[in-house]
Amino acid sequence: MYYISQVEIDTENRKRISELTHLGAYHNWVEKSFPEEFAAGVRSRKLWRIDRLRGKSYLLIVSQMRPDIKQLEAYGVPNTGQCKNYDPFLQSLTDGQRVSFRLTANPVRAVKQDEQRGKVYPHITAEKQLEYLGKRAEKLGFSLLDNDYQIVQRDFPELKKKDGKNVKLARAIYEGNLTIENPEIFRNTLTEGVGKEKAYGFGMMTVVPEGR
């Protein structure tokens, strides 16, 4: 079973929000929203991202466990935490269906070095970032046309690592329309995510069927 959860971030409370200065802080907020797992040292996969809509900011999470709403609202506006069963929506998706989508991704490429595992480099231009998604669409269970999607935001948020070395990750937010070609694979895309750095707010795609 999968759940999709949301809370409005309390951006007016500067004292509380000042702690959310980097991707790792948001990651900790997400993990602590599942106190039983956190206490047990278990880390099941959770997709999350920050959306900004009509002047407000929201934390969205897709998970296999239901979050603790009180913990979910740790940096949120009181009484705005919501959680619902995601499965009925996932099962309603069909072959050939057109949906609008939003995806926050970490577009990168692996460059093979000798016989060793390839080193990962970020795509830093809009053109390459668009190609990144287009080339992966089929394996993710959907198809895209060139004019079906666009990048609405590009930046390089900071991740503070435990060893003290901070890194900046390429982030591209895509919006557009797609056609579902393989519902089973596509459902997996919506629950398992796209690409790398999923623990730090990348890879989450959400969709809205046409006509809704």
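The values are calculated or read from the model by the stated rules, or taken from the named source; none is laboratory data. Remember, predicted model here, so these are calculated numbers, not experimental data. Methodologically, a virtual Cβ is constructed for each residue, glycine included, from the backbone with ideal geometry; neighbour enumeration extends over all protein chains shown.
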Considering only the stretch 176-212, state which residues are within 9 Å of residue 47 (Cα to Cα) and among the aromatic types (Phe, Trp, Tyr).
200, 202
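Based on this model, can you work out whether residue 208 counts as without any contact (Cβ under 8 Å) to a residue 12 or more places away in the chain, touching a strand residue (DSSP E or B) at 6+ places or on another chain (Cβ under 6 Å) and loosely packed, with under 14 Cβ neighbours inside 10 Å?
no
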Residue check for residue 92: modelled with pLDDT under 95, surrounded by fewer than 17 Cβ atoms within 10 Å (Cβ to Cβ) and within 18 Å of residue 187 (Cβ to Cβ)
no
Among (1) in contact with a Gly (Cβ under 7 Å, 6 or more places away or on another chain); (2) charged (D, E, K, R); (3) at pLDDT below 85, residue 115 falls short only on (1)
Give me a count of the residues in the stretch 141-183 that are farther than 17 Å from residue 208 by Cα, touching a helix residue (DSSP H, G or I) at 6+ places or on another chain (Cβ under 9 Å) and not in a strand (DSSP E or B).
6
Would you be able to tell me the number of residues in the stretch 26-48 that are closer than 26 Å to residue 205 by Cβ, loosely packed, with under 14 Cβ neighbours inside 10 Å and of a type in the set (Gly, Ala, Ser)?
1
If you check residue 63 against the conditions, is it in contact (Cβ under 8 Å) with a residue 60 or more places away in the chain, of a type in the set (Ser, Thr, Tyr) and in the same structural domain as residue 204 (by TED's automatic domain parsing)?
no
The correct count of residues that are over 17 Å from the mean Cα position of the chain (by Cα) and touching a residue at least 24 places away in the same chain (Cβ under 8 Å) in the stretch 167-176 is 0
